[in-house]
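Asks: Dumping the structure here so I can ask a few things about it.
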Amino acid sequence: MSQGEGTGRLHLVSVGPGLAQFILPQAIETLRESEVIVGYELYLHWIRPWIEGKEIHSPPLTRERERARLAIEAARLGRRVALVSSGDIGIYAMASLAFEEMREDDTFDVTVVPGVTAANSCASLLGAPLSHDFATLSLSDLMCPWEWIEQRARHIGAADLACVLYNVQSQARTDGVYRVLEILQEHKSPDTLCGVVRNAYRPGGQADVHRLGELSSLTFDMLTTIVIGNRFTRRRRRWIYTPRGYHDWSEPEPEAPPDLPSGAIWVFSGTRDGNELARELAARGPPVVVSAASGYGGEVARASCGGVTVWSGRQGMEPRRQALERSHARLILDATHPHAAQISAQLIELARQLDIPYLRFERPSALEPGCAIVCDDAADAARRAVRMGKRIFLATGSKDLETFVRSPGAAQCEWFVRLTPDPERLSRAIALGIPRDHILAMQGPFPAEFNLALWRSQRIDCVVTKDSGDAGGYGEKQRAAAELGVPLLVIRRPHVEYPRQVAGIEEAIQAAEEMLRAGPGPARESVP
Ligand code: SAH
């Protein structure tokens, strides 16, 4: 290298994801004024027009430190040098190596020119998934011990941050990404919307939207970036976006409803009975929409009721109102769980506002006098349980767990829980300190023999459940508790004034048909 004139200059230049349009004018200016260019072949190719005829050094990709040293030595000799990285040179790239190699007594000038990093170039191809807080994580363990990467993934998941995975998978490093996806799903739902982007803003680039749970079946490479949303990330047309937060965060916006048939019977379900009702009604001709509160409920409804439209996910009152109104719903059939009082109250109110007939279907209580201790609510059950048992089995669902394990005296007891196999519920149980060998995650209901074997092996001395009716497996719990000789505490159903209520499938179908014939109005008129 020849000796340059005056003070040397080191430009740390970012050249963006690929195409020339994404290189900042200042980057072009610094490249033009540099005599020496140091960078990886591929990136140099993109900036060819501005570096032609200059002294060019491109050691292989793996020799990064060598590249940084080369650039610094040239600057020390008084030359004007550009050290080039793709994306942003300060993000998983060369800038920090240059600072490490620099000495305190170096006198050459330094400029850092920012650029469009993979996080925002890839996000832009997907929509706006990074509109709220997000983290980036490089899965390359060349620069960082693998345990740290896992640990960071765990924190990202726990904070439900949207995140961007760089250096996703290489030929030598194939398993790490699947492990990280698994860790993220300890807290994030498998339904979380994500994007996989390969070669953003380069020829042959590709961007696809997926659900987090699907990513483990894909393969990636080092030209790929994965963008993972948070639990509010939504889809609009072919895009995904994460809301800024200018709305009620306690009630996430639901998925946009599917194409809704006009004039349908709406069955609010999530129970086996509800699905059976929907199936029977659809078989008689009218269009039927099944609305299930969870993704899992939706899956079951889709599998068990042919010919109906299923809308699943946590839907707030307002989106629900709009969907019912726009699709001219003709009947609201509320077959939600007997303990889901809040949703029932909401549906009664919507029926009143929109003048749609409302019918409650509720399976009969299976409580037999003398066979169980009836409790008013979860707090009442918790108070009694800690007096009656030491190894207490909760078949009450995940929502009330906290009431039990935080109740006075709870610390003296061991808690065993049964949950539906949903990652969010499992995480909640673990976060509340339930030991993993005390958690059973399996979709019920279960035969009495199963309950008996389980409780016997766990040496359960008290069982708490809800008055969920026979379809919820209540009778099997009662029988098993009686055989084992342990007290059974049952939380009674919340009291709701239903305008009109039926208890059997046949009766429900007759009532529904009668209400359809009568048209709008009866729900309101029959309110006491
Ligand atoms: N300094 C670069 C990152 C270098 S690490 C930047 O700021 O973007 C290399 C990783 O970046 C790749 O493995 C890939 O995950 C991501 N990446 C860089 N450019 C990309 C592009 N055009 N499309 C998709 N991913 C890209």
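What follows draws every value from the coordinates through simple rules; no lab data is involved. Bear in mind the structure is a predicted one, so any value in this text is a computation, not a measurement. Note: ideal-geometry Cβ built from the backbone for every residue, glycine included; neighbour counts use all protein chains shown.
Asks: Please list, in order along the stretch 386-399, the HN-Hα scalar couplings obtained from phi with the Karplus expression 6.51 cos²θ - 1.76 cosθ + 1.60 (θ = phi - 60°), rounded to whole Hz, x for Gly and Pro.
Replies: After applying 6.51 cos²θ - 1.76 cosθ + 1.60, I find 5, 7, 9, x, 10, 10, 9, 9, 9, 10, 10, x, 7, 4 Hz.
Asks: Could the peptides 223-229, 193-199 be put in order, highest first, of the mean number of other beta-carbon atoms found within 10 Å of their residues?
Replies: In descending order of packing, they fall as 223-229, 193-199.
Asks: Under a Cβ-only charge scheme (Lys and Arg +1, Asp and Glu -1), can you give me the dipole magnitude of the stretch 373-491 about the Cα centre, in debye to the nearest 20?
Replies: Roughly 360 debye, rounded to the nearest 20.
Asks: State the answer as a single residue: which of Gly115, Ala153, Tyr296 lies farthest towards the positive end of the charge dipole of the chain, with beta carbon charges of +1 for Lys and Arg and -1 for Asp and Glu, about the Cα centre.
Replies: Comparing the listed Cα positions along the dipole, Tyr296 ranks first.
Asks: Once amide H atoms are built 1.01 Å from N in the peptide plane, which residues 5 or more positions from Val267, or in another chain, come under 5 Å H to H?
Replies: Val289, Val290, Ser291, Leu333
Asks: Oh, and also: Using amide H atoms built 1.01 Å from N in the peptide plane, name the residues 5+ places from Ala441, or on other chains, whose amide H lies under 5 Å from its own.
Replies: Those lying under 5 Å, H to H, from Ala441 are Leu419.
Asks: Under a 5 Å amide H to amide H cut-off, with H placed in plane at 1.01 Å, what residues pair with Val112 once short-range neighbours are removed?
Replies: Under 5 Å from the amide H of Val112: Leu12.
Asks: Here's a follow-up. Could you run the Karplus curve 6.51 cos²θ - 1.76 cosθ + 1.60 with θ = phi - 60° over the stretch 432-442 and give me ³J(HN,Hα) per residue in whole Hz, x for Gly and Pro?
Replies: My calculation for the stretch 432-442 gives 7, x, 6, x, 5, 7, 10, 10, 10, 10, 7 Hz in order.
Asks: Still on this structure, I have one more. Mind checking the alpha-carbon convex hull of the chain and giving the volume per residue in Å³?
Replies: Given the Cα convex hull of the chain, per-residue volume reads 185 Å³.
Asks: Output the antiparallel fraction of DSSP beta bridges having both residues in the stretch 119-241, as a percent to the nearest 5.
Replies: The answer is about 70 percent antiparallel.
Asks: So what's the Cα pair-distance distribution over the stretch 119-241, bin width 5 Å, in %?
Replies: 2, 12, 24, 26, 22, 11, 3, 0
Asks: On a 0 to 90 degree scale, rounded to 10, what angle separates helix 505-518 from the longest Cα axis of the chain?
Replies: Between helix and principal axis, roughly 80 degrees.
Asks: Placing unit charges on C-beta atoms (Lys and Arg positive, Asp and Glu negative, everything else neutral), compute the dipole magnitude of the chain about its Cα centre in debye, rounded to 20.
Replies: Using Cβ point charges on Lys, Arg, Asp and Glu, the chain gives about 460 debye.
Asks: Testing the spin-label approximation: label points 7 Å from Cα along Cα→Cβ at Gln501 and Arg103. State their distance in nm.
Replies: Those two pseudo-labels are separated by 8.6 nm.
Asks: How high is the FRET efficiency between Arg321 and Arg436 when r is their beta carbon distance and R₀ equals 60 Å, given to the nearest 0.05?
Replies: 0.90
Asks: Over the chain, what is the relative contact order in percent, taking alpha-carbon pairs closer than 8 angstrom and at least six residues apart?
Replies: Worked out over the chain, it gives 11 percent.
Asks: Using only the alpha-carbon atoms of the stretch 373-491 as identical scatterers, what base-10 log of I(q)/I(0) does the Debye formula give at q = 0.17, 0.19, 0.20 Å⁻¹?
Replies: -0.77, -0.99, -1.11
Asks: Can you compute 3J(HN,Hα) from phi for each residue in the stretch 134-144, using the Karplus curve 6.51 cos²θ - 1.76 cosθ + 1.60 with θ = phi - 60°, rounded to whole Hz and x for Gly and Pro?
Replies: These are the phi-based 3J(HN,Hα) values: 8, 10, 10, 9, 8, 8, 7, 8, 6, 9, 7 Hz.
Asks: What's the exposure ranking of Glu66, Glu41, going from fewest to most Cβ atoms within 10 Å?
Replies: Fewest to most other Cβ atoms nearby, the residues stand as Glu41, Glu66.
Asks: How big is the equivalent ellipsoid of the stretch 9-116 along its three axes, where each semi-axis is √(5λ) from the Cα gyration tensor, reported in whole Å from largest to smallest?
Replies: Listed largest to smallest, the semi-axes of the stretch 9-116 are 19, 14, 13 Å.
Asks: Quick one: Cα centre-to-centre distance for the stretch 272-315 and the stretch 442-478, in angstrom?
Replies: So the two Cα centres are separated by 27 Å.
Asks: If the only charges are +1 at each Lys and Arg Cβ and -1 at each Asp and Glu Cβ, what is the size of the charge dipole of the stretch 2-116 around the Cα centre, to the nearest 20 debye?
Replies: The calculated dipole for the stretch 2-116 is roughly 220 debye.
Asks: If you don't mind, another one. What does the net charge come to around Ile491 if you take all other residues with beta carbon closer than 9 Å to its beta carbon, with K and R at +1 and D and E at -1?
Replies: Neighbourhood net charge equals -2.
Asks: Then there's this: Could you sort 339-346, 273-280 so that the peptide with the highest average Cβ count within 10 Å comes first and the rest follow in order?
Replies: Packing proxy ranking, top to bottom: 273-280, 339-346.
Asks: Here is a further query. As a test, work out the antiparallel percent of DSSP beta bridges whose residues both lie in the chain, rounded to the nearest 5.
Replies: Here the antiparallel bridges make up roughly 25 percent for the chain.
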